[in-house]
1. Please count how many residues of segment 60-82 are of a type outside the set (A, V, I, L, M) and assigned to a strand (DSSP E or B).
2. Filtering segment 1-28 down to residues that are modelled with pLDDT of 95 or more and in a loop (DSSP other than H, G, I, E, B), which residue is least open to solvent (accessible area, probe 1.4 Å)?
3. Residue 57 passes all but one of (1) part of a loop (DSSP other than H, G, I, E, B); (2) touching a strand residue (DSSP E or B) at 6+ places or on another chain (Cβ under 7 Å); (3) closer than 30 Å to residue 31 by Cβ; which number fails?
4. Any chance you could count how many residues in segment 50-68 are open to solvent by less than 70 Å² (accessible area, probe 1.4 Å) and under 21 Å from residue 9 (Cα atoms)?
5. Does segment 29-49 contain at least one residue that is open to solvent by 60 Å² or more (accessible area, probe 1.4 Å), farther than 30 Å from residue 88 by Cβ, β-branched (Val, Ile, Thr) and not in a loop (DSSP other than H, G, I, E, B)?
6. Which condition number does residue 3 fail, the rest of (1) without any contact (Cβ under 8 Å) to a residue 24 or more places away in the chain; (2) under 13 Å from the mean Cα position of the chain (by Cα) being met?
Amino acid sequence: QVNEVAVTRDTKQILGVNCVVIRDRVWMKGALVEDTFDWYAQDLEGNVWYMGEYASDYKGGVLAGHGGSWEAGVNGAEAGILMKARPQVGDAYRQEYYAGEAEDMAEVLSVSGSASVPYGSWSGDVLVTKDWSPLERSTVEHKYYARGIGLVKAEKVRGGSEAIMLTGIRRE
């Protein structure tokens with residue numbers, strides 16, 4: 001599986017807030033299976049808000065649907081915090097909310113963790129979160145965020161054995 005995340009130069013206004021558009025594409029065995037546009041904004045305190053996403057799922061190269069898509073302020077959907085400006089161990093928060101579709105949660109496990117992935121290694125300053133959703137109670141992930149880079153590693157600790165690791169950064 002290959003997951004490519006690109007910060008675009010595009011913006012989208014949601015609830016009067018200018019959001020950065022992030023494109024997130026996933027390929028399995030060379031075939032595109034997901035193409036998502038995520039919308040993020042940062043407040044004056046430094047918190048990063050997740051304002052929604054437009055997801056396109058593909059099967060056999062054919063568009064299969066837009067499940068999981070949501071936008072804050074539409075049909076009861078609410079923005080969530082993706083990254084707190086000053087996280088503390090034990091902080092728990094909603095990352096996204098659209099009833100029955102997108103209900104991801106996170107809890108801060110460590111602000112002084114370590115991570116080693118093909119791209120590099122960090123020690124003592126990695127934010128580690130436990131991520132889950134009430135919609136998928138059997139799955140729990142731990143995510144590792146390096147200062148100045150973002151997500152460098154994600155691994156399922158319940159509900160599977162998948163892991164995502166940062167292998168490179170390309171600047172254009």
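The values are calculated or read from the model by the stated rules, or taken from the named source; none is laboratory data. In this text, all values refer to a predicted model and were calculated from it rather than measured experimentally. Reconstructed Cβ throughout: ideal geometry from the backbone, glycine too, with neighbour counts over all protein chains shown. Heads up: the accessible areas ignore ligands, DNA and RNA and are worked out on the full protein's heavy atoms, side chains in. Shrake-Rupley method; radii C 1.70, N 1.55, O 1.52, S 1.80 Å.
1. Kept after step one, since they are of a type outside the set (A, V, I, L, M), are these residues of segment 60-82: 60-61, 65-71, 73, 75-76, 78, 80.
Filter once more, keeping what is assigned to a strand (DSSP E or B): 65, 70-71, 78, 80.
Residues in segment 60-82 being of a type outside the set (A, V, I, L, M) and assigned to a strand (DSSP E or B): 5 in total.
2. Going through the qualifying residues, I end up with 16.
3. Here residue 57 clears every test but (1).
4. Of the residues in segment 50-68, 6 are open to solvent by less than 70 Å² (accessible area, probe 1.4 Å) and under 21 Å from residue 9 (Cα atoms).
5. No, that holds for no residue.
6. Status for residue 3: all satisfied but (1).
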